[in-house]
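We did not get these values from a lab; they are worked out from the coordinates using the rules stated. Note that this is a predicted model, so its numbers are computed, not measured. Quick reminder, even Gly has a Cβ in these numbers, built from the backbone with ideal geometry, and neighbours come from all protein chains shown.
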Amino acid sequence: MESYIELKKNMANLINKSGYKNSFLAEQIGIPAPTFSVKKQRGNWTESEIKQILAIIENEKLEDYFMVELMEAAKEEPTFPISQLKAEMGWK
């Protein structure tokens, strides 16, 4: 769920990084260009719209970009040594 929320928040960045024009993407997913621009600005995409846009813009460069974004967000998460995890799981 967290990944979906992050994805939804970052759609505008992903679209910008993709190099595709808003008008092209709007036409491809079947919505007017002005509506697309508003959705891009507000981030109020439907799940269907997100899937359609990702199907068009998805490529290795964007995957790398999104992975870096996730890694940056994860920096603030607490980390624990594997030995602590094993102890908590009852592993030896």
- Which value, in debye to the nearest 20, describes the size of the charge dipole of the chain about its Cα centre when Lys and Arg Cβ atoms bear +1, Asp and Glu Cβ atoms bear -1, and nothing else is charged? 200
- Message: So the label point goes 7 Å from the Cα of Glu77 along Cα→C-beta, right? Which residues of the range 1-30 then have their backbone N under 20 Å from it?
- Response: 1-11
- Item | Diffusion coefficient, µm² s⁻¹, Stokes-Einstein with Kirkwood Rh over alpha-carbon pairs of the chain at 25 °C and 0.890 mPa s | 162
- Query: How high is the FRET efficiency between Met67 and Gln41 when r is their beta carbon distance and R₀ equals 25 Å, given to the nearest 0.05?
  - Reply: 0.50
- Message: Nearest 500 deg cm²/dmol is fine: what mean residue ellipticity at 222 nm does the chain get from its DSSP H runs of n ≥ 4 alone, each adding -39,500 (n - 2.57), divided by its residue count?
- Response: -21500 deg cm²/dmol
- Item | Over the chain, relative contact order from alpha-carbon pairs under 8 Å, at least 6 apart, % | 29
- Note on the structure: Between the Cα axis of helix 33-42 and the main Cα principal axis of the chain, the angle (0 to 90°, nearest 10) is 30
- For the range 73-81, Karplus-derived ³J(HN,Hα) couplings (6.51, -1.76, 1.60; θ = phi - 60°; whole Hz; x for glycine and proline) come out as 5, 6, 4, 7, 7, x, 10, 9, x
